[in-house]
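Colleague: Have a look at the structure that comes next, please.
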Amino acid sequence: MKYNDYYWDKLPMEAKSAATNLGYTQELWDSNQESSCCKEEWDELNKVQQDAATLLGYNQKMWDNMTMYRLNLRFSVLCFLLGSIFYFKLSFLDLVWMKYVRDHVPESLADEEDDEIWSQWAAEHNAADMLEVRDDYYEQYGLFHLLGVTAFAVMGFSEVCRECSRANLILLAAGLAGMAGAFSSTDQIAAYWSCASVHFFLMSCYNLDSKLFKAGCILECMLSYFLLAGYTGLWIAYADMIASLLWLYCALQEVSAVCEFRSSFGKNGSSTHLEIFIEMMYSLINVPTFKMKRA
């Protein structure tokens, strides 16, 4: 809810008072456990408790379906985490490929997408291995792209099922636009769908407090203009990786806040968000990408 990512001692005074009226203590709140009031229906709460629940972000429908609501919320956040992981892996794969190809083929061929031109160059330079590397890259790129857009589309659908708000409908549109891009027949059409998708994501987070997520969306929107204009280069790959890192860090924060991990991070636990984030990045980066061979 509105204060899910707050520890008890960081809650605003009015939120702490509302939580107290609902039977929460610091121990229950910081360990993400339910109070005795959570077992009651909305109509069974008194006026003070209903006002307290409203201040914390609940309405009657959400309160009476709290178990399903929380399961739906956790599922959405896990989809957000998976999608962010896949997109980070995608951006890292892109960066490694661009560096690799610039070391092994002429600059004029590096950005070429025509299979026949690549085949002709490979035949002239006895570089059949390079075609295998390229095929391996495209196969993995397609896989991670499909997994990423699917995770975000499922997240959008789950959010709409949880609460049919304008922001969640825009979020669903962002996921569907991403899927349309993944199944596009040409790279140009895919770039248009991708541009629409990241703009929908930016619109969906207008009322969120996460500045990092907004920054990631804005960066992705700016990159989409360059891609539509035909710009390529390592700087785009680096910028795309930065944006995906911002999304991934935000996803980790959401998981820790929603999925009952709040007491494990930065409080009495030994690991902080940043330490676990760095460990995750190290693990992802060290997963083998495509098979690199000398052409």
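The values are calculated or read from the model by the stated rules, or taken from the named source; none is laboratory data. These figures come from a predicted structure and were not determined experimentally. Note that we place each Cβ from the backbone using ideal geometry, even for glycine, and neighbour counts take in every protein chain shown. Calculation scope for accessible area: heavy atoms of the full protein, side chains included, ligands and nucleic acids excluded. Shrake-Rupley method; radii C 1.70, N 1.55, O 1.52, S 1.80 Å.
Colleague: In sequence order, what are the phi-derived ³J(HN,Hα) couplings for the range 176-188 according to the Karplus relation 6.51 cos²θ - 1.76 cosθ + 1.60 with θ = phi - 60°, rounded to whole Hz, with x for glycine and proline?
Modeller: 5, 5, x, 5, 4, x, 5, 9, 5, 7, 10, 5, 5
Colleague: Taking the dipole about the Cα centre of the range 120-213, with the C-beta of Lys and Arg at +1 and of Asp and Glu at -1, give me whichever of Ala191, Leu172, Leu143 is farthest to the positive side.
Modeller: The residue sitting farthest along the positive end of the dipole is Leu172.
Colleague: Using Cα centres only, tell me the gap between the range 234-255 and the range 17-86 in whole Å.
Modeller: Spelled out, the Cα-based centre of one part sits 29 Å from the other.
Colleague: Using a Förster distance of 30 Å, how high is the FRET efficiency between Gln120 and Leu146, based on the Cβ-Cβ distance and rounded to 0.05? Let's see the in-between values first.
Modeller: Numbers: r = 30 Å, r/R0 = 0.99.
Plugging the Cβ-Cβ distance into 1/(1 + (r/R0)^6) gives 0.50.
Colleague: Let me ask something additional. I'd like the distance between the alpha-carbon centres of the range 129-148 and the range 102-116, rounded to an integer number of Å.
Modeller: 16
Colleague: Same structure, new question: Do any GluC sites (Glu not before Pro) in the range 50-159 lie in a loop, going by DSSP, with at most 15 other beta-carbon atoms within 10 Å of their beta carbon, and if so which? Spell out each step's value before the answer.
Modeller: Working: sites: Glu107, Glu112, Glu113, Glu116, Glu124, Glu132, Glu139, Glu159; in loops: Glu112, Glu113.
Sparse-neighbourhood loop GluC sites (Glu not before Pro): Glu112, Glu113.
Colleague: Moving to a separate point now. Residue farthest toward the positive end of the dipole of the range 1-122, with Cβ of Lys/Arg at +1 and Asp/Glu at -1: which of Val105, Ser84, Thr20?
Modeller: Thr20
Colleague: Please list 3J(HN,Hα) in residue order for the range 152-161, calculated via the Karplus relation 6.51 cos²θ - 1.76 cosθ + 1.60 where θ = phi - 60°; whole Hz, with x for glycine and proline.
Modeller: Going residue by residue, I get 6, 5, 5, 4, x, 5, 5, 5, 5, 5 Hz, with x marking Gly and Pro.
Colleague: Calculate what fraction, in whole %, of the accessible area of the range 26-144 sits on carbon and sulfur atoms when a 1.4 Å probe is rolled over the protein chains.
Modeller: That fraction is 51 percent.
Colleague: What does the C-alpha gyration tensor say about the overall shape of the range 40-174? Classify as rounded when a/c is under 1.5, otherwise prolate if a/b is larger than b/c, or oblate.
Modeller: Numbers: a/c = 4.80, a/b = 4.66, b/c = 1.03.
Since a/c reaches 1.5 and a/b is larger than b/c, the shape of the range 40-174 is classed as prolate.
Colleague: For the cross-link pairs Lys16/Lys39; Lys10/Lys89; Lys10/Lys47; Lys16/Lys61; Lys61/Lys89; Lys99/Lys211, which exceed 28 Å when the distance is taken from alpha carbon to alpha carbon?
Modeller: Lys10/Lys89; Lys61/Lys89; Lys99/Lys211
Colleague: Using θ = phi - 60° and the Karplus curve 6.51 cos²θ - 1.76 cosθ + 1.60, what whole-Hz ³J(HN,Hα) does each residue of the range 14-20 get, with Gly and Pro shown as x?
Modeller: Using θ = phi - 60°, the values come out as 5, 6, 5, 5, 5, 5, 5 Hz.
Colleague: For Ser108 and Asp64, FRET efficiency with R0 = 51 Å and r from the beta-carbon atoms, rounded to 0.05?
Modeller: It comes to 0.20.
Colleague: For the range 75-231, with every protein chain kept in place, what is the accessible area per residue (1.4 Å probe, Å²)? All intermediate terms of the calculation are to be shown ahead of the outcome.
Modeller: Values: 8100 Å² over 157 residues.
I get 52 Å² per residue for the range 75-231.
Colleague: Then there is this: Suppose a student asked you for the relative contact order of the range 1-89, using Cα pairs under 8 Å spaced at least 6 residues apart; what percent would you report?
Modeller: 28
Colleague: Counting Lys and Arg as +1 and Asp and Glu as -1, each charge on the Cβ, what is the dipole of the range 128-192 about the Cα centre in debye, to the nearest 20?
Modeller: Once rounded to the nearest 20, the dipole reads 500 debye.
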